[in-house]
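The values are calculated or read from the model by the stated rules, or taken from the named source; none is laboratory data. Every value quoted in this text rests on a predicted model; they were computed, and no experiment measured them. As a convention, Cβ positions derive from the backbone with ideal geometry for all residues, glycine included, and neighbour counts pool all protein chains shown. For accessibility, only protein heavy atoms count, side chains too; no ligands or nucleic acids. Shrake-Rupley method; radii C 1.70, N 1.55, O 1.52, S 1.80 Å.
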Amino acid sequence: MNKMFKILILITFLFSLACANNSLLKIDKAEENDVTIEQSVSSSGSPIPYSGSNTASEVMLQAFHWLSKNGKNGTDWYTYLYNQRTTLNTYFDIIYMNPPAESADGQGYMPSDWTDLTTAYGSQSTLKSLISYFNGRGKKVIADIVVNHRSARAKCSHGVWCVYNYTNYPMTSINFIHGPADQVSDSGAKSCGICMTSGYLEGSWSYGGRTYYNEDFSGSCDINHWYSGTRTIVKNWLTWLKNTTNAGFHGWRWDMVGGYDPQYLGEYNSSSSPYLSVGEKPTGSTQELADWVNRSGNKTMMFDFAMRDALYSAMSSYDNMYGNYLATATGENTNSGLVGWWSEASVTFIHNHDIDLNHHSVGRATFPWGGDSRGITTQCAYAFILTHPGIPCVFIQDWEDRGTDLRKTINNLIKIRKANNVKKGSRVWVDRRENGLYAAYIGVMNGEQLAIKIGKQGWSNYENWVPNPSLGLTNAYTKYESGKHAFCVYYKNPVTLE
């Protein structure tokens, strides 16, 4: 055998190995440049202040839904959660709770007296006991913070609901629609022409040459974050909520961050030092989500609506799975959404209180369930977020109220994630993204701990894809609906499945 022939055989072998598992090789220069350009446009790539370990595999639970204020099993909601505390502690690391303050609407999204923590959800004392239990086991509880607007305590002498003289953290006219920079037009519903002023727009802010106009909430008066006195009141309240005498919260989920300049959100986080901060801006634009993070001074994560929209588009048809929606290209860290651009800033999710079985208010429908009773399509969506970077957030209504099969799947995926060290900054190598198949490796190059494929069961491109055997991903967790959606997670470190 001559020398040239041997070289050709070696080249052919190396090429075959590359085709078998691109994740074992460095991405080529063109793909590397594409990723770099996308990252530089979308974000600074800086770490997000976060007191947790970046090497941890944390999972969040949204521990309420739209009707939780009505309680469950004959008890109020806080008591119900307290009775479930041992099970919750088994699976979840961060518990995201409802807005804690008394409110005009009951759900908490029209807050009134910020320091009245006995609400429709239960008593302040039960809430404190619940937080204390999780704190004692190294878990963290975050509160849903609503400071875009606030509901009045009483009517003024002219018959308008614009009196905010609460005993603790009171506010006056200047704290609300006051001044030409931040007033909102509320059609007189909450602004008295004598006691308060109105008629102006709420202002805007810019980042990277892009301008965003702040949103109005029509149900309550919007707070004047431009006024330093208002910001001091907000910061003092956050400190009050962190104090274990009052509640003991560890961090914040920020409601309606599209209503005010996110530089103030950054200021509030600098003052309160949350374990974790995550904002809610229901946009499908990854660029917008990244701009909110950057404008905050990189001091908050964001709920990844862009990734959620991509998942919905990928699996909205039971007859196919459009894998191209889940990644912009094959290669390293090319997933759609904020999780693909800046996973350290992404909290991924499938449903929340605004997209649940009882309530839809952010322009999204609940995720496609599937053709049989198990909800395999929804299970595929959870398989994606629970095997990928970012911090995945499980919705309690999915975990508790939609059947034992979905609950077991979520539990098993959480076990696999933690046993195989998938964290919010983990590397993803997208191997395939096409009709009927999405396939990716997660983990350090050449030492990937996990791989996943999602697609249409029965298609040869789905059935024939398996991870490179040299990685040793010998365990497999598979769920499918015959002829429809399916997923398989391959992993290295074994777990006991339910």
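Residues satisfying the criterion are absent from region 388-411 (criterion: part of a strand (DSSP E or B) and either open to solvent by 50 Å² or more (accessible area, probe 1.4 Å) or more than 30 Å from Ala290 (Cα to Cα) (or both)). The requirement of being open to solvent by less than 10 Å² (accessible area, probe 1.4 Å) and within 20 Å of the chain's Cα centre (by Cα) is fulfilled somewhere in region 435-451, by at least one residue. The residues of region 236-286 that are touching a His at 6+ places or on another chain (Cβ under 6 Å) and closer than 19 Å to Ile391 by Cβ amount to a single one, Tyr275. Quick check, is Gly108 free of Cβ contacts under 8 Å to residues at least 40 places away in the same chain, open to solvent by 10 Å² or more (accessible area, probe 1.4 Å) and either touching a Pro at 6+ places or on another chain (Cβ under 8 Å) or more than 24 Å from Tyr268 (Cα to Cα) (or both)? Considered against the rule, which asks whether it is free of Cβ contacts under 8 Å to residues at least 40 places away in the same chain, open to solvent by 10 Å² or more (accessible area, probe 1.4 Å) and either touching a Pro at 6+ places or on another chain (Cβ under 8 Å) or more than 24 Å from Tyr268 (Cα to Cα) (or both), Gly108 comes out as no. Of the residues making up region 210-260, just one is charged (D, E, K, R), modelled with pLDDT under 95 and under 21 Å from Val293 (Cβ atoms), namely Glu215.
For region 63-83, a residue qualifies if it is part of a helix (DSSP H, G or I) and of a type in the set (Val, Ile, Thr), and exactly one does: Thr79. If I filter region 111-127 down to residues being in a loop (DSSP other than H, G, I, E, B), open to solvent by 10 Å² or more (accessible area, probe 1.4 Å) and in contact with a helix residue (DSSP H, G or I) (Cβ under 9 Å, 6 or more places away or on another chain), which single residue comes out as farthest from Leu67 (Cα to Cα)? Checked region 111-127; the qualifying residue farthest from Leu67 (Cα to Cα) is Thr115.
Selection over region 201-212 of residues that are open to solvent by 30 Å² or more (accessible area, probe 1.4 Å) and out of contact with any helix residue (DSSP H, G or I) (no Cβ under 9 Å at 6 or more places or on another chain) gives a count of 4. When residues in region 343-360 are screened for being open to solvent by 10 Å² or more (accessible area, probe 1.4 Å), in a loop (DSSP other than H, G, I, E, B) and either at positive phi or of a type in the set (Asp, Glu) (or both), 1 of them pass. Within region 472-498, the set of residues being within 17 Å of Tyr438 (Cβ to Cβ) and open to solvent by 40 Å² or more (accessible area, probe 1.4 Å) comprises Ala476, Thr478, Tyr480, Lys484.
Of the residues in region 144-167, not one is of a type in the set (Gly, Ala, Ser), open to solvent by less than 10 Å² (accessible area, probe 1.4 Å) and either in contact with a Lys or Arg (Cβ under 7 Å, 6 or more places away or on another chain) or in a strand (DSSP E or B) (or both). Taking every residue in region 327-348 that is more than 16 Å from Tyr382 (Cβ to Cβ) and without any contact (Cβ under 8 Å) to a residue 24 or more places away in the chain and pairing it with any residue that is of a type in the set (S, T, N, Q) and part of a strand (DSSP E or B), at least 6 positions away or on another chain, yields no pair with a Cβ-Cβ distance below 6 Å.
All of Gly258, Gly266, Gly279 fail the test of being open to solvent by less than 10 Å² (accessible area, probe 1.4 Å) and touching a Leu at 6+ places or on another chain (Cβ under 9 Å), apart from Gly279. If only residues of region 307-331 that are touching a helix residue (DSSP H, G or I) at 6+ places or on another chain (Cβ under 6 Å) and surrounded by fewer than 24 Cβ atoms within 10 Å (Cβ to Cβ) are counted, the one that is nearest to Trp369 (Cα to Cα) is Ser313.
When Gly363 is tested against (1) surrounded by fewer than 24 Cβ atoms within 10 Å (Cβ to Cβ); (2) of a type in the set (Gly, Ala, Ser); (3) in contact with a Gly (Cβ under 6 Å, 6 or more places away or on another chain), exactly one condition is not met: (3). Of everything in region 293-305 that is open to solvent by less than 10 Å² (accessible area, probe 1.4 Å) and assigned to a helix (DSSP H, G or I), the residue that is nearest to Leu326 (Cα to Cα) is Phe305.
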